[in-house]
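Notes for the one structure printed next.
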Amino acid sequence: MEHSGSLYTDLSVYYDGFCYEVDYAAQAEFAERAFACFGHSEGRACMDLACGTGQLLAQMGARGFTLSGLDNSAEMLAATAVRCPDAELVLCDLASFSFTSRFDVITCFLYSLHYSHPVAAIRETLLRAYQALRPGGVIMFDLVDCQGITPHNDVITRLEQDGAHFTFQSGWRYSGEGEELALHVSICRDDVNDTQRWTDRHVMTATTIADVNKLMEAAGFEVTTLERDFTALRQWDEQSFNVVMVGQKALADEEL
């Protein structure tokens, strides 16, 4: 039986299966090291944009950060509230949150900034992130350059859960032009009685590293581009298409 719909809402209970092989501890260690290197604010308040079920937030909390999370799925935030009961959680889109000088570090991994669609929404998200950071604070997020997206780049994860075999599959589709990047996701559940499949399609933003760098600078950030390697802080070699963008808010910046 095949179903279509919003996997992140209707089947949010399976989201962690999609991310089964994600090393959140490595991401949190990377974020802490990047914050120590590029951040100059005095606190440890962390906001995770598109926080999902709170796995990265939990890791950041274990490293002594105070936690806030944002997601546009109430179901995801409900799972985060269980995992991170002390976190402040906000239900809204990436381009809609509004804080002033609240956070020392803002994270947005798993390419989630691309959910801000179209490019104008990425611009708004970055502007709001700049406003939300304390002077000396940093934002960091991973990004894929649309020029490097190729067919057959799907990620497939298999595991056993609740007495059934699951196959989780996700992959980008890009026509080669325009701002629309499609993320195709599916779940296949097999047990002794039945096979079920769910499919969904998410509209994301196709952009380039150079264009996002310009948007960050226009928002006020000092920008550093790193390789998307969570085991080290390595300067981008300008050859790869997957990076971590780090934006620092100036210490001298004062909100009007």
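Worth a mention:
- Cα pair distances in the range 108-210, grouped into 10 Å bins until the bin that holds the longest one, percent each: 13, 36, 26, 18, 6, 1
- Average projection area in nm² (convex hull over Cα atoms of the chain, one quarter of hull surface): 13.6
- Kirkwood Rh in Å, taken over all unlike Cα pairs in the range 35-173: 16.2
- Accessible area of the range 57-152 belonging to carbon and sulfur atoms, whole % at 1.4 Å probe: 51
- Crossing angle, helix 209-219 versus the chain [Cα axis fit, 0-90 degrees, rounded to tens]: 50
- In the chain, the longest principal axis of the Cα atoms and the axis of helix 74-83 are about 80 degrees apart.
- Helix-derived mean residue ellipticity, 222 nm - over the chain, DSSP H n ≥ 4, -39500 (n - 2.57), to 500: -7500 deg cm²/dmol
- The charge dipole of the chain, taken about its Cα centre with unit charges on the Cβ atoms of Lys, Arg (+1), Asp and Glu (-1) only, comes to about 340 debye.
- Heavy-atom accessible area with a 1.4 Å probe sorts Arg63, Arg234, largest first, into Arg234, Arg63.
- Over the range 35-84, the reciprocal of the mean inverse Cα-Cα separation, the Kirkwood hydrodynamic radius, stands at 11.3 Å.
- Placing R0 at 41 angstrom, the Cβ-Cβ distance between Asp23 and Ala252 gives a FRET efficiency of 0.70 after rounding to 0.05.
- Relative contact order computed over the chain (Cα-Cα under 8 Å; 6+ residues apart), in percent: 20
- Per residue, the accessible area of the range 19-99 comes to 43 Å² when a 1.4 Å probe rolls over the protein heavy atoms.
- Here the Gaussian network model covers the chain, with springs between Cα atoms less than 10 Å apart; of Pro151, Pro85, Pro118, Pro151 fluctuates the most.
- For the range 112-172, the Cβ-based charge dipole about the Cα centre amounts to some 340 debye (Lys, Arg positive; Asp, Glu negative; other atoms uncharged).
- Between Asn153 and Ala81, the FRET efficiency from the beta-carbon distance, with R0 = 41 Å, is close to 0.75.
The values are calculated or read from the model by the stated rules, or taken from the named source; none is laboratory data. The structure displayed is predicted, hence computed values, not measured ones. Here the Cβ is made from the backbone with ideal geometry for all residues, glycine too, and neighbour counts use every protein chain on show. Note: accessible area is taken over every heavy atom of the protein model, side chains too, but ligands, DNA and RNA are not part of it. Shrake-Rupley method; radii C 1.70, N 1.55, O 1.52, S 1.80 Å.
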